[in-house]
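The structure appears below as structure tokens.
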Amino acid sequence: MSTGLIIALIVIVAVVVAVAAVLTLRARGPRHGASLKRRFGPEYERAVARHDGDAKAAERELSERVERHGSLQVRPLEPAERERYEARWTAAQERFVDAPREAVAEADRLIAELAGTRGFPAGGQYEEQVAALSVHHAHHVEGYRRVHRVAQAHPEGAHEGAAGTEDMREAMVEARALFEELVRPSRHDGGRRAAAGERTAAPATRRDGHRTPSLLHRRQAKES
């Protein structure tokens, strides 16, 4: 076989391999995007919006989050820890009636502390903590973002972007969903801790699975 023929064969093989690689990447792309969309739900749409509609850029960001935090091991809560966190959340809700801004600030601190206790990045690393939470609690992490934004806002009247009482109430209600996910026993906690969790379930959830009205909802109904 001549040298020229060998070179031609090598070139042909290289072209075939390159074309196959391109086709494989194109075939995997949509499936990869669909997988991220299923995993992240509303967080996927928020990422796309942040990237001005660039789905590929959003998927790169979300893939990086999964790579950094997907293997994170969530630490179980001891029953006594769970009781303390639930009591603090209830106290924050009660405080909202007379001091809504302080209550929202406490909710923000409480979620940051609880997430850190469960093994997520510490609250002092807010952006990284939110990124990790978005991988494991994608459907509820926006509630934490909202309560954090409201807690960091200037007092009402001091800045045109300040949150009003209704904004603060809605932020508390939305953040509660993430709090409940973080505080409840996970499937990795084991039977003993799951049983303890049933005895110390969040006070706003009845045994039949229906939520009882929170103080915030009762206050709203009374005012209306």
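Scan region 37-59 for residues that are loosely packed, with under 14 Cβ neighbours inside 10 Å, basic (Lys, Arg) and under 18 Å from VAL135 (Cβ atoms) and report the count.
Summing the residues that are loosely packed, with under 14 Cβ neighbours inside 10 Å, basic (Lys, Arg) and under 18 Å from VAL135 (Cβ atoms) in region 37-59 gives 2.
Mind checking which residues of region 61-106 are without any contact (Cβ under 8 Å) to a residue 12 or more places away in the chain and closer than 30 Å to LEU36 by Cα?
Scanning region 61-106 gives GLU64, GLU67, SER71.
Condition first: open to solvent by 20 Å² or more (accessible area, probe 1.4 Å) and either touching a helix residue (DSSP H, G or I) at 6+ places or on another chain (Cβ under 6 Å) or among the polar types (S, T, N, Q) (or both). Now tell me which residues in region 112-121 satisfy that.
Within region 112-121, THR117, PRO121 meet the criteria.
Does ARG109 fit the bill of being in a helix (DSSP H, G or I), closer than 14 Å to ALA175 by Cα, open to solvent by 40 Å² or more (accessible area, probe 1.4 Å) and of a type in the set (Lys, Arg)?
Here the answer is yes, as ARG109 does meet what is asked.
Here's the yes/no breakdown for (1) open to solvent by 60 Å² or more (accessible area, probe 1.4 Å); (2) in contact with a helix residue (DSSP H, G or I) (Cβ under 9 Å, 6 or more places away or on another chain):
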| site | (1), (2) |
| --- | --- |
| GLU67 | yes, no |
| GLY124 | yes, yes |
| ALA138 | no, yes |
| GLY143 | no, yes |
| HIS148 | no, yes |
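Among the residues in region 71-82, are any open to solvent by 40 Å² or more (accessible area, probe 1.4 Å), over 12 Å from LEU182 (Cα atoms) and of a type outside the set (Gly, Ala, Ser)?
Checked region 71-82: at least one residue is open to solvent by 40 Å² or more (accessible area, probe 1.4 Å), over 12 Å from LEU182 (Cα atoms) and of a type outside the set (Gly, Ala, Ser).
The values are calculated or read from the model by the stated rules, or taken from the named source; none is laboratory data. Bear in mind that the values here come from a model prediction, so they are computed numbers and not experimental data. Methodologically, a virtual Cβ is constructed for each residue, glycine included, from the backbone with ideal geometry; neighbour enumeration extends over all protein chains shown. Ligands, DNA and RNA are stripped out before the accessible areas are found, and what is left, the full protein with its side chains, is counted by its heavy atoms. Shrake-Rupley method; radii C 1.70, N 1.55, O 1.52, S 1.80 Å.
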